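In what follows, a single structure is set out as structure tokens and then discussed.
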Amino acid sequence: MEIKQTQNEVKQLMKVVNGKHRFPYPNIMSVLKAYEEMGELTQLIIESTVKSRKGGKLKIDDIKGEIGDELADLFIVILGLANDYDIQLEEHIRKKMKKHLERWTKVE
Ligand SMILES: [Mg+2]
């Protein structure tokens, strides 16, 4: 999967979504949605690390699918935001990864 291709698919998806809902401030709604998805992901990780709402810790193997779904939700929102600002996210990811690699290869 290429990020660029997925970003284009998200653009098509958002055309469908925006055709059904008219948000007055779509970029702000996307940021809020990202927080919502991050919250859902955080909740799962907390419940697998510390304690679930039902008591005890959730087993990672039991919630791996849910974690994957929340990561996917978050990534879709992020790609949508990149589209809103006409940003090719793949280029930025590659640039930032190169920068991080250079920085961390210097660290002893
Ligand atoms: Mg979600």
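Observations, loosely collected:
- Hits in region 45-84 - residues which are out of contact with any helix residue (DSSP H, G or I) (no Cβ under 6 Å at 6 or more places or on another chain), at pLDDT 95 or above and within 28 Å of N27 (Cβ to Cβ): G68, D69, L71, A72, F75, I78
- The listed residue being among the acidic types (D, E) and surrounded by 15 or more Cβ atoms within 10 Å (Cβ to Cβ), out of E37, E2: E37
- Residue in region 76-84 that is among the charged types (D, E, K, R) and in contact (Cβ under 8 Å) with a residue 12 or more places away in the chain present: yes
- Pick from region 54-104, criterion outside any helix (DSSP H, G or I) and under 17 Å from the mean Cα position of the chain (by Cα), ranking: nearest to N18 (Cα to Cα): Y85
Yes or no, residue by residue, for (1) touching an Asp or Glu at 6+ places or on another chain (Cβ under 9 Å); (2) within 15 Å of the ligand (Cβ to nearest atom):
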site: K33; (1), (2): yes, yes
site: E37; (1), (2): yes, yes
site: S48; (1), (2): yes, no
site: R53; (1), (2): yes, no
site: K57; (1), (2): yes, no
site: I63; (1), (2): yes, yes
site: E66; (1), (2): yes, yes
site: D73; (1), (2): yes, yes
site: G80; (1), (2): no, yes
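- Residue check for S30: assigned to a helix (DSSP H, G or I) and among the hydroxyl-bearing types (S, T, Y): yes
- Applying a threshold of 8 Å to beta carbon distances and a minimum spacing of six or more residues, or different chains, the list of pairs starting in region 1-25 at a residue that is closer than 13 Å to I87 by Cα and at pLDDT 85 or above and ending at one that is of a type in the set (A, V, I, L, M) and loosely packed, with under 13 Cβ neighbours inside 10 Å reads I3/I93.
- Scanning region 33-53 for residues that are in a loop (DSSP other than H, G, I, E, B) and either closer than 16 Å to V10 by Cα or not polar (S, T, N, Q) (or both) gives V50, K51, R53.
The values are calculated or read from the model by the stated rules, or taken from the named source; none is laboratory data. What you see is a predicted model; the values in this text were computed from it and never measured. Note: ideal-geometry Cβ built from the backbone for every residue, glycine included; neighbour counts use all protein chains shown.
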